[in-house]
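Colleague: Before anything else, here's the structure in question.
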Amino acid sequence: MTERPEQALRRIERTALLSSAVMAAAAFAALGVPGAAGVVAGAMLAALNYLAVKAIAGVIVARSAGRAAAGGYGLQEGTVRPAPRRYGVAAGFVFVLRYALLAIGAYVMLARLHLHPIGVIAGASAPVAAVAIEAIRMIPARSRTGREPRRSTRVAGPERRRPAGEGAESDRSG
């Protein structure tokens, strides 16, 4: 079964959110409030980075493909027209600027807010954990265990197993 990239991305986003919540709970238990706050702050940094990269990739794809991505830029979906050059320049500027913003955000979290560094790193690594979890989920059951997946022996519908003594002839007599 082939999956669309948008579906996979949404599933990874949900898994990243869930793994952030689990990491925050574990950090709260192990490191207290500063650890849990660090996980949440690191996850927010990772989410902002992800959204910036996703937006930049959308502009690059729209520009290189010469069409408006999903009706963007005020155009109908599927309209063949290259994105204006200024969007490409702005995307390049945002791409470079995002590193500066991430560095400033990390500095504020660690030096000024005194959040636990391990918590910040754990939160920032939540998307990596989500991708790893989804990659494992995509491996077929046979290659994970080395044997065929279990199949149900139950048969649904009119062909289900009958108790001994009841055969096909009893169905015809009624």
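Colleague: Just give me the residues in segment 122-146 being modelled with pLDDT of 85 or more and either surrounded by fewer than 10 Cβ atoms within 10 Å (Cβ to Cβ) or of a type outside the set (A, V, I, L, M) (or both), in sequence order. Quick ask: steps written out before the conclusion?
Modeller: Of all residues in segment 122-146, those modelled with pLDDT of 85 or more come to 122-137.
Residues satisfying the conditions are Gly123, Ser125, Pro127, Glu134, Ile136, Arg137.
Rundown of residues vs (1) assigned to a helix (DSSP H, G or I); (2) small (Gly, Ala, Ser); (3) at pLDDT below 90, yes/no style:
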{"position": "Gly78", "(1), (2), (3)": "no, yes, yes"}
{"position": "Ala83", "(1), (2), (3)": "no, yes, yes"}
{"position": "Phe93", "(1), (2), (3)": "yes, no, yes"}
{"position": "Arg98", "(1), (2), (3)": "yes, no, yes"}
{"position": "Val120", "(1), (2), (3)": "yes, no, no"}
{"position": "Glu148", "(1), (2), (3)": "no, no, yes"}
{"position": "Val155", "(1), (2), (3)": "no, no, yes"}
{"position": "Arg162", "(1), (2), (3)": "no, no, yes"}
{"position": "Glu169", "(1), (2), (3)": "yes, no, yes"}
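Colleague: Continuing with the same structure: Scan segment 91-121 for residues that are crowded, with 18+ Cβ neighbours inside 10 Å and hydroxyl-bearing (Ser, Thr, Tyr) and report the count.
Modeller: 0
The values are calculated or read from the model by the stated rules, or taken from the named source; none is laboratory data. This is a predicted model, so every value here is computed, not measured. Here the Cβ is made from the backbone with ideal geometry for all residues, glycine too, and neighbour counts use every protein chain on show.
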